[in-house]
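Readers should treat all values here as calculations from the given coordinates under stated rules, not as data from a laboratory. Everything numeric in this text was worked out from a predicted model, so none of it was measured. Cβ coordinates were reconstructed from backbone atoms using ideal geometry, including for glycine residues, and neighbour counts include every protein chain displayed.
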Amino acid sequence: MIREAALSVFARHGFKGASIAMIADHAGVARPLVHYHYASKEALWKAAVSEEFERFREEATAAAARWESVDPSGRNDALALAIVRFVARHPHFGRIVIDETRQGSDRGAWLTSTYLLPMHELGARLLRKAIGAGRTLPAHLRPEHLIPTVFGAINFPYLDAETIERAHGVDVHSEAYIRRQVRLVATILRALGERA
């Protein structure tokens, strides 16, 4: 409960703008309880973010394992479904990553080395398997282009949900929107695979 509240407050206000009092209020607990469990705001941030990333890593690893056992024609759909659903359920994830990495903070450096680089490595492995052994990607379809493009397509609707909802009158967290976004991401992955 405290870590979930912390993620929400950190995502909305950034690390510097967030306070233990705000987190306690959001969690509906007394401030001393937060201090009892976490020695500092930094310790709470790291615990909350680690828990969120570990969830993502577990789901991404499970999706990658399932991906291998799925018929090749359904692989893009299966992978897109797993990742889009996770991001839709955990919208704070992307906001915190962007906030910390763009600032060049120690927290951003820790996120990059602990979680982001391994995610890129997993994406590159899946990409190599998707195109098949011995095939070479054109320069514009290499992992350093594809992975950020696909991550952007997956994350952006949830990073800017309020604007998208106001501009288009849609709820990006609705099941109908998520299904359409999954189809879009799967279409992008298929199209990229066909061009390889």
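Each peptide among 9-16, 77-84 gets the average number of other Cβ atoms lying within 10 Å of its residues, and from highest to lowest they stand as 77-84, 9-16. The translational diffusion coefficient of region 48-195, from Stokes-Einstein at 20 °C and 1.002 mPa s with a Kirkwood hydrodynamic radius over alpha carbon pairs, comes to 133 µm²/s.
Here the chain is treated with +1 on each Lys and Arg Cβ and -1 on each Asp and Glu Cβ, and its dipole about the Cα centre works out to around 380 debye. Between Ser174 and Lys16, the contour length at 0.36 nm per residue exceeds the alpha carbon distance by 53.7 nm. Rounded to the nearest 0.05, the FRET efficiency derived from the C-beta distance between Ala62 and Ser40 at R0 = 41 Å is 0.80. A simple rule links phi to the HN-Hα coupling: the Karplus curve 6.51 cos²θ - 1.76 cosθ + 1.60 with θ = phi - 60°, which for region 80-91 gives 4, 4, 4, 6, 4, 4, 4, 4, 5, 6, 10, x Hz, with x for Gly and Pro.
Along the axis of the charge dipole computed for the chain (Cβ charges of +1 for Lys and Arg, -1 for Asp and Glu, origin at the Cα centre), the listed residues Val172, Ala39, Ala78 are led at the positive end by Ala78. Ranked by how many other Cβ atoms sit within 10 Å of their own Cβ, fewest first, the residues Val185, Val170 fall in the order Val170, Val185. A helix-only calculation puts the chain at -25500 deg cm²/dmol for mean residue ellipticity at 222 nm, using -39500 (n - 2.57) for each DSSP H run of at least four residues, averaged over all residues. Note on region 59-123: semi-axes of the ellipsoid equivalent to its C-alpha gyration tensor, largest first and rounded to whole Å, are 27, 13, 8.
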